[in-house]
1. Taking neighbour Cβ counts within 10 Å as the exposure measure, how do Arg559, Arg156 sort from fewest upward?
2. Skipping prolines and chain starts, which residues have an amide H placed within reach, meaning under 5 Å, of the one on Asn77, given they are 5 or more residues away or on another chain?
3. What's the ranking of 465-474, 25-34, 502-511 by average number of surrounding C-beta atoms within 10 Å, highest first?
4. Tell me the Kirkwood hydrodynamic radius of the stretch 451-667 in angstroms, computed as one over the mean inverse distance between distinct C-alpha pairs.
5. Please report the base-10 log of the normalised intensity I(q)/I(0) for the stretch 308-447, using a Debye sum with one equal scatterer per alpha carbon and no solvent, at each q in 0.09, 0.17, 0.19, 0.21 (1/Å).
6. Step through the table entries Lys94/Lys153; Lys512/Lys547; Lys67/Lys356; Lys67/Lys388; Lys78/Lys323; Lys512/Lys611, compare each Cα-Cα distance with 30 Å, and write down the pairs that go over it.
7. Under 5 Å between amide H atoms, partner at least 5 residues away or on a different chain: which partners does Val336 have, H built in plane at 1.01 Å?
8. Just tell me which lysines come within less than 24 Å, Cα to Cα, of Lys172; anything on the same chain fewer than 8 places away is out.
Amino acid sequence: MTKPTLAELQHEFDKRLKLYNGTNEVSDLWLPYLAAIQDVLPEDNNGENTLANNQILYPICLKCLEKFENNSEQIKNKDFAEICLLIPEMSVDKGLWYGLFYKKQVGVKYAHLWIDWAEYTEENELNWAGAWGIYEEAKKFVIDHDECAEIDKAYRAFADRFQEWDKNEYEKEQSKVKPKNRATVTKRKTQTRSSFEIMMASEPKTKRSPIRAQASLESDDDPDCQLLPECREAVRLEYSRMLDMSNTSLMGGERVSCIPSNIRRGSVVPPLMNIFTIDQVLRRQSQVPINDTLDENFLDVSCIVVDERDPFDDHIRRQILDKRGINYAIMENYSVEKTNLPTVLSKNKIGTKIEKVKLGGINYEFGKKLGEGAYGYVITARLESDPKVTYACKIQHPPTVWEFYILTELSRRTIRKAGQFDLNQRIPTVYRLIEYNDYSVMLMQRAPQTLLDFANYHISRDRYVPLCYQLYYSIEMLRIFDYMHRLRIIHCDVKPDNFMVLHCPTTFSTKKASCAPIPSLMLIDFNRSIDLKLFDNGTAFVTCVPKKELACVEMLNNRPWIFQHDLFGMVYSIHVLVFLSYMTVCEDEQRQDGSMTTKAKFSKRIHDIWKEFFYEFLNIPDCQHLPDLNAWADRLELLLFEEAKRIKSKDTDYASMFRMKLDTHLNQFQPPPPPTPAPTS
């Protein structure tokens, strides 16, 4: 008997869901549905789910969680807990998910949650004290005899491992101490106890019995709160759509330590999780696990192979997705409406007055038009229930999901580490995509000012852009493309009006900061992007863009290109900052070797480094010999540090009005994620 396909399972599940009248939907429908899907999906050699499987299972588990997270009966259901606990296994942020389940009390009566959480804390974070605190906290909630026995077994195994680790650490400490005499050593030996001994001193000698307590998760008066891991702080800092925490609020005052005060011995214990990453993690909702390395092997081939197909053709894109087995329809926040777009949102009618329209079950108010292109337009949108929540709404014809797919993939592939460059903060957040018969509507993060606006601001005041700002924004561009290209994404429409300004400093540092730099630019409009993961390594293209002024040198000379198109657009944008004019490329008459340069004249006010910069980026030998973006960013950064020592206040004071306007807009237009419509029965 042949196995059913995923589409058949989905159809059968939807049919049963519409007809279901029972009282336990999770156990009767959702759990069998997930089990059936897992039976159909292929496993790897170790009998585990593959990355592609997780892309299918993760959204289903998340939808189940979102549907029943506030259902008091299902929260107590063990089957619901089992489904929820599949999510951390497929996510890069396991510790955060466990903390959120603890906050919502999902699965807190069962051993599975506590054991998985403690083992993750021990193995991945090397946080023995945090794992011990989790086991101690489990006593408050677990009351079933079998569940208690399971936790007790895991706890004892943990105690043995911890005792062995602590013994080794204690011996290392003692070996570093040089005793003055034998008596001193004997006295210290009799009085000193290890962390394990102090921990286990609080353990009763008789068999443990769980304490059933009505613990308040919000109160810091409970002394046991001092034993909880730092997930408490993670929860209170996160504005999560799933938990209806769109407005951040502090649950406590001081940072809660995950180390019990009675076992601190001066050694640093790693925290349970990285608080710096939390906002980006759930706001963008990671869908599948990601490796802790960037992909740098795309050009590691013996020769480049040219693909003569048009990578910008939407029909070809869908063919490639289908061939690779990628179903964008199951991506989170994607929905289809089997109707046409409401006529009041047509290009000719919008912008004259505020229109109230219901899209995807939510009422919005649409205002002025922000921009318009060949395939669509962008208008302001806000929630009718809360006009302060504002978005950029991108409406395109014919309907396309490509930009939504690219931004979702970028977010999924991005590695999040504290103190390091975070691409997620430099690409727009996409909240929803609704595909109609004739148009597609995408609600996304809005930023008001572009890099072109910044240049025009200086032109309007008859000023050149100071060198510090030229360097500052150029470094940000280099970092963005260095990171994004290693994620195998090419933007293919880089220009100054596709860079939104997020930060305009009035002071510059004179030395390298220990923390990650503040995001200063956001790259937008990924509708023409290419996902190189859909192609074989070493694949190049020869298609030329319609606008010749934005075509890279390789396109104009009918040579293969890969990343050169983005690098040309980056140089084109930097040219606007340096010369306050668009770039026109021509042959370098001085060199007379066929090399290319810009028609703009390098006057005395132009720093010498830009002449070398433009020459290298406009004369790339081939696809496998590209400029080192990271090296160039470091070089410009050193120059910025030196220039910052010489900069005068008059060079930055006149930009303060632009910064004030920018800050006002950013504070006004940074929305929380939009609400999800209630499921229809």
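1. Working: Arg559 16, Arg156 12.
The most exposed by this proxy come first: Arg156, Arg559.
2. none
3. Values: 465-474: 22.5, 25-34: 18.2, 502-511: 14.0.
The packing order, highest mean first, is 465-474, 25-34, 502-511.
4. Numbers: mean 1/r = 0.0548 Å⁻¹.
It is 18.2 Å.
5. Taken in order of the listed q values, log10 I(q)/I(0) reads -0.30, -1.01, -1.20, -1.37.
6. On the way: Lys94/Lys153 23 Å; Lys512/Lys547 39 Å; Lys67/Lys356 27 Å; Lys67/Lys388 27 Å; Lys78/Lys323 39 Å; Lys512/Lys611 25 Å.
Exceeds cut-off: Lys512/Lys547; Lys78/Lys323.
7. Glu435
8. Lys180, Lys187, Lys189
All of the numbers you see were taken from the coordinates with simple rules; none came from a lab. Please read all numbers here as calculations on a predicted model, not as lab measurements. No Cβ is skipped: glycine too gets one built from the backbone with ideal geometry, and neighbour counts run over all protein chains shown.
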